[in-house]
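Peer 1: Before I ask anything, here is the structure I am working with.
Each reported figure results from applying straightforward, stated rules to the coordinates on display, with no laboratory input. Note that this is a predicted model, so its numbers are computed, not measured. Don't worry about glycine lacking a Cβ; one is built from the backbone with ideal geometry, like all the others, and counts go over all protein chains shown.
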Amino acid sequence: MPQIPKLALITGATSGIGEACAITYASNGFNLIITGRREERLQSLKQKLEQQFGISVSALTFDVQDKNAVTQHLNALPAEWKNVDVLINNAGLSQGMDDFDEAKLSDWETMIDTNIKGLLYVSKIISGWMVDRKQGFIVNLGSIAGKEVYAKGNVYCATKHAVDALSKSMRIDLLKHNIRVSVIHPGAVETEFSEVRFHGDKTRAKKVYEGYQPLTASDIAETIYFITSRPAHVNINDLLIMPTAQASAFYWEKGKN
């Protein structure tokens, strides 16, 4: 009897780590639910993955900040698309890098609504499906900013500390339902992250990655797949992953690459 492909749901799949996760899981035979705000990119990725890997992809265009949209799109999925084995809460961002007294409230609200509330909206629904099946794996995307606070990081750091705390509490509360919960905390990863943080300033964003070799989105995707491919009795609770040139949020060795 042929094995039924597993199903992964990846938020924020239109670029960066989310897109890399989609490619990695598709290459390992997973069917996918991919979500994102940019419909054209999402549909292009769906078509590419289905053609290249022969898997099935459901593409849902919504912003995780929008509770009603999250609820509407996920609950409208057919029953066979609700058997989610792996949820990757990747959607997240940083906006602005300003001193606390100079930061914009709109930047703070966007980060809180995406990084915390968006993660909660999606997780509440998908974890419910997993509870019904008594199995599942949730991976939350944290950050070195969830372990250390740095200058001008204020609310972004706070949101990623919240992701760390939520991951711990989810792991405890879902333990009785046989649901594993992991959180991965990357250091510097070269994606669109800094471009979003600096409101589209590509020159400033590029300088973040000068003088050393940062992590790539594929590095993180491969690590996430490793986490979720462990035997059923194994859970990697918490993983901090950094470029070799970065020892912490504060200590770097640049200019030698």
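Peer 1: How would you rank 87, 77, going from fewest to most other Cβ atoms within 10 Å of each one's own Cβ?
Peer 2: Fewest-to-most Cβ neighbours within 10 Å comes out as 77, 87.
Peer 1: For segment 97-141, report the translational diffusion coefficient in µm²/s to the nearest whole number, using Stokes-Einstein at 20 °C, 1.002 mPa s, and a Kirkwood Rh over Cα pairs.
Peer 2: 170 µm²/s
Peer 1: Can you work out D for segment 115-188 in µm² s⁻¹ from Stokes-Einstein, where Rh is the Kirkwood radius over C-alpha pairs, the temperature is 25 °C and the viscosity is 0.890 mPa s?
Peer 2: For the chosen part, D equals 192 µm²/s.
Peer 1: Which whole number in µm²/s is D for segment 1-160 by Stokes-Einstein, with the Kirkwood Rh taken over Cα pairs at 37 °C and 0.692 mPa s?
Peer 2: My calculation gives 200 µm²/s for D.
Peer 1: Please identify, among 168, 160, 124, the residue showing maximal mean-square fluctuation in a Gaussian network model of the chain using a 10 angstrom Cα cutoff.
Peer 2: Checking each option, the largest mean-square fluctuation is seen for 124.
Peer 1: Shifting gears a bit: Based only on other Cβ atoms within 10 Å, what is the fewest-to-most ordering of 234, 149?
Peer 2: The most exposed by this proxy come first: 234, 149.
Peer 1: Hey, can you grab everything whose amide H is under 5 Å from the amide H of residue 6? Only 5+ residues off in sequence or another chain; H modelled, so Pro and N-termini drop out.
Peer 2: Residues meeting the criterion, in which the H sits 1.01 Å from N, are 31.
Peer 1: Diagonalise the Cα gyration tensor of segment 216-257 and give the resulting equivalent ellipsoid semi-axes, square root of 5 times each eigenvalue, largest first, whole Å.
Peer 2: In descending order the semi-axes read 28, 12, 6 Å.
Peer 1: While we're here: Considering amide H positions built from the backbone, and no H for Pro or chain starts, which residues 5 or more places from residue 183, or on another chain, come under 5 Å of its amide H?
Peer 2: Those lying under 5 Å, H to H, from residue 183 are 140, 238, 239.
Peer 1: List 30, 62 from most exposed to least, where exposure is judged by having the fewest other Cβ atoms within 10 Å.
Peer 2: 62, 30
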